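Everything below concerns the one structure shown next.
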Amino acid sequence: MFASRTNWNLTENRLALALAEHRRDGRPLLDLTLSNPTEAGFAYDESTILSALQNSASLSYEPAPQGFLSAREAVANYYAGKNTHVSPGNLFLTTSTSEAYSYLFRLLCNPGDQVLIPSPSYPLFDFLAGLNDVRLVRYPLLYDHGWQLDFSSFERAITPRTRAAIVVHPNNPTGHYAKAEEQTQLSALCAKNNLALIADEVFLDFAIQGSPANSFAAQVGALTFVLSGLSKLCGLPQMKSAWVALSGPENLKHEARQRLEVIADSYLSMNAPVQHALPALLATRAQFQAQLLARVRANLAALDDQLSAQRNCSRLACEAGWNVVLRVPATRSDEDLALDLLREKNVLVHPGHFYDFSQDGFLVLSLITSEKDFAEGARRLLSFLSS
Ligand SMILES: Cc1ncc(COP(=O)(O)O)c(C=O)c1O
């Protein structure tokens with residue numbers, strides 16, 4: 001009765017099972033995988049957020065496939081603040097970047113067509129691609145004192161069925177930006193090979209040091225779709241509000257816009273209250289980002305302090321985002337290490353393979369965990385590794 005694309009292996013992995021048991025037994029937990037900003041103890045501007053949702057204009061229905069102009073203008077202003085011109089006419093609102101990925105896969109790919117994704121990266125791509133009958137092909141990222149794109153592997157991964165390449169900027173969990181030269185080169189390579197470029201910039205603003213890198217929305221070589229939204233920029237994933245910004249050659253942009261409009265019109269998934277509220281919600285980002293970045297910087301400093309007092313473990317460079325990658329001795333699988341840490345130390349971390357690290361020896365920690373839990377969790381983790 002069911003489609004083969006939904007024939008998933010739904011058995012939970014060993015860590016998820018152990019965590020469920022841990023919680024059932026009521027055991028304490030230092031969660032160093034926290035990713036939900038609304039559970040991380042940040043202060044939100046409640047009155048602004050709630051009153052923005054009470055607009056009487058929401059009482060009437062105005063179907064708008066691209067999203068309300070007032071909301072798109074607020075998004076265009078967000079880019080103008082970065083000295084990047086994005087016209088409201090080149091913006092489409094979606095309920096999440098996940099929905100945006102689905103729109104783009106439907107726009108660009110026939111069943112079985114391929115999309116390039118970075119490795120390591122964000123684990124949801126497999127599901128999003130599978131749901132849209134798209135095949136993912138990985139292009140490895142290289143680490144040598146910092147992460148970089150391996151352009152020769154990237155080019156080798158392209159086949160006649162490749163339709164698009166995804167870049168996550170900054171990437172999750174590696175926390176590196178595509179450098180200005182890499183952005184230009186990637187855009188040129190995509191243009192040369194007739195590929196669309198999809199840049200996921202949900203973490204763009206979270207530069208740990210210095211200022212955020214430029215958005216791919218400034219690139220004009222390839223047809224480019226920049227994805228972002230309130231989920232990370234404002235720490236408001238519950239508002240289900242994101243967007244796609246188009247840039248690139250005028251003729252391709254025009255055709256993409258027309259086709260995307262039909263896709264968006266078929267669902268009309270954005271609700272009115274959130275669209276009316278979007279300008280006010282987006283304006284709360286400064287307050288949220290300041291708190292989040294203070295947390296990330298404090299946790300990273302505490303980690304570096306603890307790392308400097310031992311020799312078993314180090315961390316990889318990270319420029320931006322909410323996570324840090326630890327390099328640990330590969331004396332057992334990362335999953336076994338995560339299980340042991342949970343059972344013996346009540347500390348939850350993600351093994352690297354969750355994020356597609358191809359070798360053992362990597363753990364991913366969330367830097368948005370409270371300072372107290374993070375410092376204690378890191379202390380237990382490092383003492384466990386030196387015992
Ligand atoms: C790289 C990346 N893109 C997108 C998302 C999800 O964004 P949204 O809530 O808009 O679907 C995440 C969530 O962790 C992410 O890490």
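The values are calculated or read from the model by the stated rules, or taken from the named source; none is laboratory data. Treat the numbers as computed from the prediction; the structure is a model and nothing was measured. As a convention, Cβ positions derive from the backbone with ideal geometry for all residues, glycine included, and neighbour counts pool all protein chains shown. All accessible areas refer to the heavy atoms of the entire protein, side chains included, with ligands and DNA or RNA removed. Shrake-Rupley method; radii C 1.70, N 1.55, O 1.52, S 1.80 Å.
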Within the range 303-331, of all residues that are polar (S, T, N, Q) and in contact (Cβ under 8 Å) with a residue 60 or more places away in the chain, the one nearest to Y355 (Cα to Cα) is N323
Sole miss for E319 among (1) in contact with a Ser or Thr (Cβ under 8 Å, 6 or more places away or on another chain); (2) surrounded by fewer than 24 Cβ atoms within 10 Å (Cβ to Cβ); (3) at pLDDT 95 or above is condition (1)
Picking from D45, D31, the residue that is over 22 Å from E376 (Cβ atoms) and open to solvent by 30 Å² or more (accessible area, probe 1.4 Å) would be D45
Exactly one of A178, A217, A222 is modelled with pLDDT of 95 or more, open to solvent by less than 40 Å² (accessible area, probe 1.4 Å), aliphatic (A, V, I, L, M) and under 27 Å from V325 (Cα atoms), and that one is A178
Within the range 234-266, of all residues that are within 16 Å of the ligand (Cβ to nearest atom) and without any contact (Cβ under 8 Å) to a residue 60 or more places away in the chain, the one nearest to the chain's Cα centre (by Cα) is C234
Here the residues within the range 1-26 that are more than 21 Å from P351 (Cα to Cα) and surrounded by 10 or more Cβ atoms within 10 Å (Cβ to Cβ) are R5
Within the range 58-70, of all residues that are of a type in the set (A, V, I, L, M) and out of contact with any Pro (no Cβ under 9 Å at 6 or more places or on another chain), the one surrounded by the most Cβ atoms within 10 Å (Cβ to Cβ) is A64
If you go through L293, L281, the only one that is touching a strand residue (DSSP E or B) at 6+ places or on another chain (Cβ under 9 Å) and farther than 22 Å from Y103 by Cα is L293
_part of a helix (DSSP H, G or I) and of a type in the set (G, A, S): is that true of A375 in this structure?_
yes
Residue count, the range 185-211, condition within 16 Å of the ligand (Cβ to nearest atom), surrounded by fewer than 24 Cβ atoms within 10 Å (Cβ to Cβ) and not in a loop (DSSP other than H, G, I, E, B), comes to 1
Of the conditions (1) farther than 22 Å from A52 by Cα; (2) away from the ligand (no atom under 14 Å from the Cβ), the single one that Y79 does not satisfy is (1)
### Message
Would you confirm, using the coordinates I've provided, whether P140 is away from the ligand (no atom under 16 Å from the Cβ) and outside any helix (DSSP H, G or I)?
### Response
yes
Across (1) touching a Leu at 6+ places or on another chain (Cβ under 9 Å); (2) exposed (fewer than 14 other Cβ atoms within 10 Å of the Cβ), N83 clears everything bar (1)
